[in-house]
Amino acid sequence: MRHPLALIGAARLGDLARLVNVPHPQHVTVLPAELSACGGEWVRGGHRLDERKVALYFHGGGYFSGSPRTHRSITWRLSAAARRPVLALDYRQGPVHKLADSLADALDAYDCLLGRGHTPEDIVFAGDSAGGHLTLATLLALRDAGLPLPAAAICLSPWADLTDFPRRANSWQDPLLPASRVRWLARRWTSGLDPSDPLVSPVNGDFTGLPPLMIVTGSTEVLRDEARRVAERARLAGVPVRYEEWRRMPHVFPILADVVPEARLAFRHMGQFLRAVAARPASIGGSAAA
């Protein structure tokens, strides 16, 4: 990942991964979604879901890899925990496309959901890593445009700071995400942009007026401090925040739910958060740790 050709190669491997049918439990259904121009898939993690509600999911992968297929271990469990279908968006990525293209796809998908009759109160956003970045950037863009916001958002290990600063915290402890790779990608995706712009580095944004946020991270992951800063800035802006920092968990550990018990438990916490949002939105602020 130190050279542009390596990035292109990784992206090509990601294209091949789209052709692979990733297995999932028999009670889970996955259907192609043609809701927006970029497509995606509908994931239902069981029966008797509330079809009036939906979770719009943005997968991670550094804006160059990953797809709805690669993140099904997250999306079907999120569907089961949230008791609603998940629309996993197949947004445009680099190296061909820019951050603005990914954001445009996210905004378009949200608009399509509203056009299908879903109310903002029945929609939640969620995303991991770069998808967490896209979650926060989409919320800020909607707020700045004066458009209705979803009911809540869940960010798993969000990549929130694309400025060129060295990540020293946990730089040798996270087995899934090297700090040097994050910095290299940030430089690439911010070329020609102002990296301090909140739509580029959401951690710099004013979170006033955003819906309740749940932020999940690991104590030993390289993006931990960014997640902490997002939670702090959101709280200062009056946003209800549930922040969970799981001990000795790596980057986006919920994707390891097939083998890691803590990852499975994290989805139960996500369900609790969403039920709290639906019941008493003003009561879910504060911190929770596991």
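Please list, ordered by chain and number, the residues whose modelled amide H lies under 5 Å from the amide H of Gly40; skip anything fewer than 5 residues away on the same chain.
Ala33, Asp90
Please work out the FRET efficiency for the pair Glu34 and Arg275, using the Cβ-Cβ distance as r and a Förster radius of 30 Å; give the result to the nearest 0.05. Display every interim value, and only then the final one.
Working: r = 31 Å, r/R0 = 1.03.
After rounding, the FRET efficiency stands at 0.45.
For segment 32-96, which chymotrypsin sites (Phe, Trp or Tyr not before Pro) pass both filters: DSSP loop (anything but H, G, I, E, B) and at most 15 other C-beta atoms within 10 Å? Walk me through the intermediate numbers first.
Details: sites: Trp42, Tyr57, Phe58, Tyr63, Phe64, Trp76, Tyr91; in loops: Tyr63, Phe64, Tyr91.
Sparse-neighbourhood loop chymotrypsin sites (Phe, Trp or Tyr not before Pro): none present.
Quote to one decimal, in nm, the extra length available between Ala145 and Asp206 on full extension: 0.36 nm per residue of separation minus the C-alpha distance between them. Before the final figure, lay out each step's value.
Numbers: separation 61, 0.36 × 61 = 21.96 nm, distance 1.38 nm.
The span from Ala145 to Asp206 would gain 20.6 nm if fully extended.
How much length would be gained if the chain were fully extended between Glu121 and Arg83, taking 0.36 nm per residue of separation minus their Cα-Cα distance, in nm to one decimal? List each step's numbers first, then the result.
Working: separation 38, 0.36 × 38 = 13.68 nm, distance 1.47 nm.
Taking Glu121 through Arg83 to full extension adds about 12.2 nm, to one decimal.
With a/c under 1.5 counting as rounded, go ahead and sort segment 4-283 into rounded, prolate or oblate using the C-alpha gyration tensor (a ≥ b ≥ c being the square roots of the eigenvalues; past the cut-off, prolate if a/b is larger than b/c, else oblate).
On the way: a/c = 1.23, a/b = 1.13, b/c = 1.09.
Rounded.
Using 0.36 nm per residue of separation minus the Cα-Cα distance, give me the extension gain between Val96 and Thr163 in nm, one decimal. List each step's numbers first, then the result.
On the way: separation 67, 0.36 × 67 = 24.12 nm, distance 2.12 nm.
Contour length minus the Cα-Cα distance gives 22.0 nm.
Provide the per-residue ³J(HN,Hα) series for segment 181-186, in order, calculated from phi with Karplus coefficients 6.51, -1.76, 1.60 and θ = phi - 60°, each as a whole number of Hz, with x at glycine and proline positions.
With the stated coefficients, segment 181-186 comes to 5, 4, 5, 4, 5, 4 Hz.
Here, each number is a calculation from the coordinates, and none is a lab measurement. In this text the structure is predicted, and so the values were computed from the model without any measurement. Cβ atoms come from the backbone with ideal geometry, glycine included; neighbour counts cover every protein chain shown.
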